[in-house]
Structure formats: structure tokens, C-alpha cells
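For reference, the structure is listed below as C-alpha cells.
The values are calculated or read from the model by the stated rules, or taken from the named source; none is laboratory data. Everything quoted here is computed from the prediction, not taken from an experiment. No Cβ is skipped: glycine too gets one built from the backbone with ideal geometry, and neighbour counts run over all protein chains shown.
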Amino acid sequence: MRAPTGAADPLELVAERLQCPICGGPLRRDERRLLCGTGHAFDIARQGYANLIGGRRRHRGDDARMVAARERFLGAGHYRPVSAALAELAAGHAPAGDGIVVDLAGGTGHHLSIVLDACPDRHGLCLDASTAALRRAARAHPRAAAIGADVWAPLPVRSGAAGVVLSVFGPRGVAEIERILCPGGIVVVAAPLPGHLAELGRLVGGIGIDPRKPERLAASFRRFDRVALRRVDLRVALGHDDVHAVMAMGPSARHLTDDELARAIARLPDPVEVTVAVEVSVHRSRCADGQGRSTKTPHPR
């Protein structure tokens, strides 16, 4: 995608790939808003993101505490090998053309920015429901825009606009992924394996990982061809501040109070060794026309 003459920021660069969440019409940008032809308008925040969640808001996304914890933990580099695998696989399997990189539930845009560094000819779009995350994602990378969106609802992205979709530890609607991907487009998924951070689950408490998660992931992408699979396995030493950040940024934060988390962490060795176990897979769309129609017969159930 070529930058329009006088483009001010990444949001302007991807505006032509967006669609109105109310009527589905194409959007354009003026100085302070995104607008469609039927008159729906969406303000652009001073931080540079726009909220395109249409109708009643079902999810608020991560709160400011969780987002700050995520920024601290990812900034410390503990998941750097996961980001590197995402970037290498995305760059190696992306189709030709100028389809954008869309990061679903992309949070602060951390992983998207690393993928964009590996894909220098593409622009990126971080979709998330959290206002606190979007404020950070809007400045994560010079070629990355940030949009408020509910990933369980129809996405405010035009059909066939994406060359690459990222899904990192987050929810995803496979039908919408298939719709927004261009012909031959890919989705790169990073999903935790049952051993991931298991030591903290035992010592601190919280929600475990379903041992059937890899099977369920494969089944959800049965209309795609899996073209690559990589495991990221390593041991990392986490200090107490790191343990607090990784627990506070994930779903366990919704089930533990600050006092409960602090008491549990105080009982841990400092540092404590934990396992990082993540599966990164690449699935190529069989979609022929960007409308969610497959060119092949789906796999039997």
C-alpha cells in the first residue's frame, strides 16, 4: 500500500481498508473523524486511535492495571523468542501483495510492531477492546494504526484487506478471519501449551490451560491449510516484579486480588524459574475471493 500524499499518521494509511461497523460501508478519514458515506462518524482520539465498536459494548477489554503489567512484562523481553517466531513465520509465508497485517486482540501492539519490522512493505492494524491498550498501540510502530473493535463481532475491516492476521494468546473468530484475508492470506497463531507458566499456576494459583487446546485450535482452522508449526520451549528466570507483571496481565488477574497475589509471590524464590511453552502455527486461507468462500471442499468433520 502506498502512503497517500500528505498522510499524517498510520490511521490515514489504513483507512481505505476499514469499514463502518454499523452499515458496513467504506470509511474515509477527515481531520478528526472516520466517516462512511451514509453519515456514521467515529471520533479519532488525541492519542491517534479510533473506536469502531458498533452497538452495545459487550467487552471492555483489559483495564489500565492489566495493560501496564503487560507493557512491563513484554518490555522486559521474556517473550522475545515468541515474537521472533511470529515475525519470521509471518514474513516467510505472507502472500504477495500489499495486504495489511491485522493483530486481533493485539493489546499494546508489542508483537505487531516486531512483525512489521520483519515485513517492511506492509502496514499494520491493531484491534482491541481496551482503551488503555489502544492508547499505547497507536504509537507502537510508525506503520501501525490502532482501532477499538470487538474480535467476537464482525470486524471493522474490509473483506480481503489483510495479507496476514495475528492471533497471540487471544480470542479469535475464524469466520471473520477468513473474510478479511486476501486470497492466499495467512493467520499466524501463538497459543500457550499445557506446560506454559505451569510453575506459577501451581505456586500462585489461577487458571490452568486446557490440555486439549492444540486439538481445538486445529479443529477451528479445518477450512485452512496449516503450512508451518513451531514450538517455542525455554526456561526463564523471573524476579518477583516479573511474576507480578505476568500474573497481573492475564486472566488470573480477574480472579486474584492484589493482596492475594502479593502474599503468594512473597512465598516464591526470587528469582523463580518458569517454563515458556508456546505453539506458533501458520494457516493459509483457501478463500478465493475475500468473501469467505473456499476453493476446495472442507475437510470432513
In segment 253-301, residue surrounded by the most Cβ atoms within 10 Å (Cβ to Cβ) [restricted to those that are modelled with pLDDT of 85 or more and acidic (D, E)]: E279
Residue in segment 198-219 that is exposed (fewer than 15 other Cβ atoms within 10 Å of the Cβ) and at pLDDT 85 or above present: no
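Restricting the search to segment 152-178, which residues are surrounded by 22 or more Cβ atoms within 10 Å (Cβ to Cβ) and under 15 Å from the mean Cα position of the chain (by Cα)? Break it down into steps so the answer makes sense when it comes.
So in segment 152-178, the residues surrounded by 22 or more Cβ atoms within 10 Å (Cβ to Cβ) come out as 155-157, 161-168, 177-178.
L155, P156, V157, A162, G163, V164, V165, L166, S167, V168, I177, listed by residue number.
Does segment 161-178 hold any residues that are out of contact with any helix residue (DSSP H, G or I) (no Cβ under 7 Å at 6 or more places or on another chain) and farther than 18 Å from A219 by Cα, and which are they? Before the answer, list the steps.
Initially, segment 161-178 is screened for residues out of contact with any helix residue (DSSP H, G or I) (no Cβ under 7 Å at 6 or more places or on another chain), giving 163, 167, 169-173, 175-178.
Matches in segment 161-178: G163 only.
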Pairs, first closer than 14 Å to I177 by Cα in segment 221-235, second among the aliphatic types (A, V, I, L, M) and at pLDDT below 95, C-beta under 7 Å, six or more apart: F221/V174
Filtered residue count, segment 127-155, keeping only those that are under 17 Å from G75 (Cβ atoms), assigned to a helix (DSSP H, G or I) and touching a strand residue (DSSP E or B) at 6+ places or on another chain (Cβ under 9 Å): 4
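Please determine, by comparing only the residues of segment 171-185 that are aliphatic (A, V, I, L, M), part of a helix (DSSP H, G or I) and out of contact with any Phe, Trp or Tyr (no Cβ under 8 Å at 6 or more places or on another chain), which one is nearest to V282 (Cα to Cα).
At the first step, the residues of segment 171-185 found to be aliphatic (A, V, I, L, M) are 174-175, 177, 180-181.
Narrowing the set further to residues that are part of a helix (DSSP H, G or I) leaves 174-175, 177, 180.
Subset that is out of contact with any Phe, Trp or Tyr (no Cβ under 8 Å at 6 or more places or on another chain): 175, 177, 180.
On the way: A175: 16, I177: 13, I180: 16 Å.
Among those residues, the one meeting the criterion is I177.
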Hits in segment 101-123 - residues which are over 11 Å from the mean Cα position of the chain (by Cα) and either within 22 Å of G54 (Cα to Cα) or of a type in the set (K, R) (or both): R122
Total residues in segment 98-150, condition under 16 Å from V187 (Cα atoms), among the acidic types (D, E) and either at pLDDT 95 or above or buried (at least 23 other Cβ atoms within 10 Å of the Cβ) (or both): 1
Count of segment 57-94 residues which are crowded, with 21+ Cβ neighbours inside 10 Å and of a type in the set (D, E, K, R): 2
